[in-house]
Amino acid sequence: MNLHEYQGKEILDSFGVRIQRGIVAHNSKEAVDAAKQLTAETGTGWHVIKAQVHAGGRGKGGGVKLAKNLKEVEEIAGEIIGMQLITPQTSAEGKKVHQVLVAEDVYYPGDSETSEFYMSVLLNRATGRNMIMYSTEGGMDIEEVAEKTPHLIFNEEIDPATGLMPFQARKIAFNLGLSGMAFKEMTKFVTALYKAYSESDSSMFEINPVLKTSDDKIMAVDAKVTIDDNALFRRKKYAEMRDLREENAIEVEARAVGLNYVDLDGNVGCMVNGAGLAMATMDLIKMAGGEPANFLDVGGTADAKRVEEAFRIILKDDGVKAILINIFGGIVRCDRVAQGVVDAYRNMGDAMKVPIIVRLQGTNAELAKEIIDKSGLAVHSAVQFQEAADKVKEVLK
């Protein structure tokens, strides 16, 4: 689950990480009120207005601007709120901005003593350990830094048995070229950041940039945070931060009815039970010359109601030209799935407008094939993987 910048900063602040202070606003008046409050609390006269969407590169799309007075705060907030923000990380149509973060300006005019760093905490899947990735090249796209100057990117892996050790925090500060008070502040920052990451059940914390001010304070100027969906049952407070407006509408609908669905750009809908079988099925579709339109796992209860819900969700994608149902009957019997497919097909009537290939293997697979074949519906049954692939290729033609 992705969070907005202001939400990520709330988590960081709760763990003692120094942040660029800000207040979220939903219209121009709230933005002006927020700016006045920040001026009273921090003394800042200038403010940074930041679009709050789940995408990076907001500045490149005009979603981050500096306001030097209250009039500019009002004007800029009015321009950004409601706009379709297009960044390198959004689709061509962009994302609608519903709110902005009015933040204190932490860059002092003409100050050459500030430095920007990059830092993220995430899982290194190759080693199964958390790691801190950091660089002296903050404020830039880390992909560009990795491509052009890979020697400027450092990694510090964390032993799960001990957690982050003090010497590792000091090593990070040293590699960033810091000394004196800035060195001490960075070790505190790194320690608090890792604590925030591990104790919030996050899968990623990315701070770009981490700022060293002219008076040697270290703070997070931005925050890109992803919480592990599997941990939300024990993180109710974070679960309430979910902004469904930022997520794929079909995926949101599927989640509401208990289906695991991921939208993809393809022409063949997939209905399976089990993530491993889903991956194999998507490979099968590509081998047949098609492209998976989705990843949809119906789980262990593929009855008529669940199958019908899955059909309706898959068919919301106008790009779907065929549906491949590939289910292994272990817990669930294949004949029940087959009957569910037939009943769902009949219930949907004219809404069922694409060919369906059904491959059922496992308990009562022979009976399932008989049910499909005798249904009189435009449903193609298959037994082997290759047979299913051939039928996919056939219907796509």
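The values are calculated or read from the model by the stated rules, or taken from the named source; none is laboratory data. The structure presented is a predicted model; accordingly, all values stated were derived computationally and were not measured. Cβ: placed from backbone, ideal geometry, glycine included. Neighbour counts: every protein chain shown.
Residues being among the β-branched types (Val, Ile, Thr) and exposed (fewer than 15 other Cβ atoms within 10 Å of the Cβ): count how many of those fall in the range 235-260. It would help to see each step written out before you state the result.
We begin by selecting, within the range 235-260, every residue among the β-branched types (Val, Ile, Thr); these are 250, 252, 257.
Filter again for exposed (fewer than 15 other Cβ atoms within 10 Å of the Cβ), leaving 252, 257.
Going through the range 235-260 one residue at a time, the tally reaches 2.
If you go through the range 243-253 one residue at a time, do you hit one that is small (Gly, Ala, Ser) and outside any helix (DSSP H, G or I)? Don't jump to the end; show me each part of the working.
In the first step, residues of the range 243-253 are kept if they are small (Gly, Ala, Ser); the result is 249.
If we keep only those that are outside any helix (DSSP H, G or I) as well, we get none.
For the range 243-253, residues small (Gly, Ala, Ser) and outside any helix (DSSP H, G or I): absent.
Looking only at the range 133-164, which residues are part of a loop (DSSP other than H, G, I, E, B) and among the β-branched types (Val, Ile, Thr)? Don't jump to the end; show me each part of the working.
Initially, the range 133-164 is screened for residues part of a loop (DSSP other than H, G, I, E, B), giving 136-141, 149, 158-164.
Selection gives THR136, THR149, ILE158, THR162.
Going through VAL354, VAL341, VAL395 one at a time, which residue ends up being assigned to a helix (DSSP H, G or I), under 24 Å from GLY290 (Cα atoms) and touching a Lys or Arg at 6+ places or on another chain (Cβ under 8 Å)? Spell out how you get there, then give the answer.
Working: VAL354 fails: assigned to a helix (DSSP H, G or I); VAL341 fails: touching a Lys or Arg at 6+ places or on another chain (Cβ under 8 Å).
Just one listed residue meets the conditions, VAL395.
Can you find, within the range 294-310, the residue that is farthest from LEU264 (Cα to Cα) among those that are modelled with pLDDT under 85 and crowded, with 24+ Cβ neighbours inside 10 Å? Quick ask: steps written out before the conclusion?
Start the filter on the range 294-310 by keeping residues that are modelled with pLDDT under 85, which leaves 298-308.
Narrowing further to those that are crowded, with 24+ Cβ neighbours inside 10 Å: 298, 302, 307.
Numbers: VAL298: 17, ALA302: 22, VAL307: 19 Å.
By that ranking, first place goes to ALA302.
Determine the pairs where a residue that is more than 19 Å from HIS151 (Cα to Cα) and assigned to a strand (DSSP E or B), located within the range 106-132, has a partner that is small (Gly, Ala, Ser) and modelled with pLDDT of 95 or more with Cβ atoms under 6 Å apart, the partner being 6 or more residues away or on another chain.
If the second residue must be small (Gly, Ala, Ser) and modelled with pLDDT of 95 or more, no pairs are left.
Could you list all residues from the range 111-152 that are more than 21 Å from ALA192 (Cα to Cα) and aliphatic (A, V, I, L, M)?
ALA126, MET140, ILE142, VAL145, ALA146, LEU152
Just to be sure I understand, how many residues within the range 357-392 are more than 33 Å from the chain's Cα centre (by Cα), part of a strand (DSSP E or B) and at negative phi? Let's see the steps before the verdict.
Restricting attention to the range 357-392, the residues satisfying the condition of being more than 33 Å from the chain's Cα centre (by Cα) are 361-384, 386-387, 390-391.
This time we only want the ones that are part of a strand (DSSP E or B), so: 361-362, 379-382.
Among the residues that remain, those that are also at negative phi are: 361, 379-382.
Number satisfying all stated conditions: 5.
Need the failing condition index for LEU377 against (1) at pLDDT below 85; (2) in contact with a helix residue (DSSP H, G or I) (Cβ under 6 Å, 6 or more places away or on another chain); (3) surrounded by 16 or more Cβ atoms within 10 Å (Cβ to Cβ), just the number.
Failing condition for LEU377: (3).
Among the residues in the range 72-85, are any under 16 Å from GLU246 (Cα atoms) and among the charged types (D, E, K, R)?
Within the range 72-85, none of the residues are under 16 Å from GLU246 (Cα atoms) and among the charged types (D, E, K, R).
Kindly indicate the residue of the range 212-234 that is within 17 Å of the chain's Cα centre (by Cα) and assigned to a loop (DSSP other than H, G, I, E, B) and also surrounded by the fewest Cβ atoms within 10 Å (Cβ to Cβ) among those meeting that condition.
Filtering the range 212-234 for residues within 17 Å of the chain's Cα centre (by Cα) gives 222-232.
Those still in the list that are assigned to a loop (DSSP other than H, G, I, E, B) too: 222-223, 228.
Numbers: ASP222: 24, ALA223: 25, ASP228: 15.
Taking the candidates together, the pick is ASP228.
So MET165 ticks every box in (1) touching a strand residue (DSSP E or B) at 6+ places or on another chain (Cβ under 7 Å); (2) at pLDDT 95 or above but one. Which box is left unticked?
Status for MET165: all satisfied but (1).
Looking at the range 1-99, what helices (runs of 4 or more DSSP H) fall wholly within it and have at least 3 residues that are of a type outside the set (A, V, I, L, M), in contact (Cβ under 8 Å) with a residue 12 or more places away in the chain and assigned by TED's automatic domain parsing to the domain that holds GLU144? Working first, answer last.
Working: elements: 5-14, 28-42, 70-80.
Once the helices (runs of 4 or more DSSP H) in the range 1-99 are filtered for at least 3 residues that are of a type outside the set (A, V, I, L, M), in contact (Cβ under 8 Å) with a residue 12 or more places away in the chain and assigned by TED's automatic domain parsing to the domain that holds GLU144, what remains is 5-14.
Looking at THR187 and the list (1) in contact with a Lys or Arg (Cβ under 8 Å, 6 or more places away or on another chain); (2) touching a residue at least 24 places away in the same chain (Cβ under 8 Å), which single condition is not satisfied?
With respect to (1) in contact with a Lys or Arg (Cβ under 8 Å, 6 or more places away or on another chain); (2) touching a residue at least 24 places away in the same chain (Cβ under 8 Å), THR187 is out only on (2).
Here's the yes/no breakdown for (1) buried (at least 21 other Cβ atoms within 10 Å of the Cβ); (2) closer than 21 Å to ALA223 by Cβ:
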| residue | (1), (2) |
| --- | --- |
| SER28 | no, no |
| ALA35 | yes, yes |
| GLY43 | no, no |
| VAL48 | yes, yes |
| HIS54 | no, yes |
| ARG58 | yes, yes |
| GLY63 | yes, yes |
| GLN84 | no, no |
| PRO88 | no, yes |
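Can you name the residue in the range 259-280 that is over 23 Å from LYS397 (Cα atoms) and assigned to a loop (DSSP other than H, G, I, E, B) and, of all such residues, is modelled with the lowest pLDDT?
Only one residue tops the list, namely GLY274.
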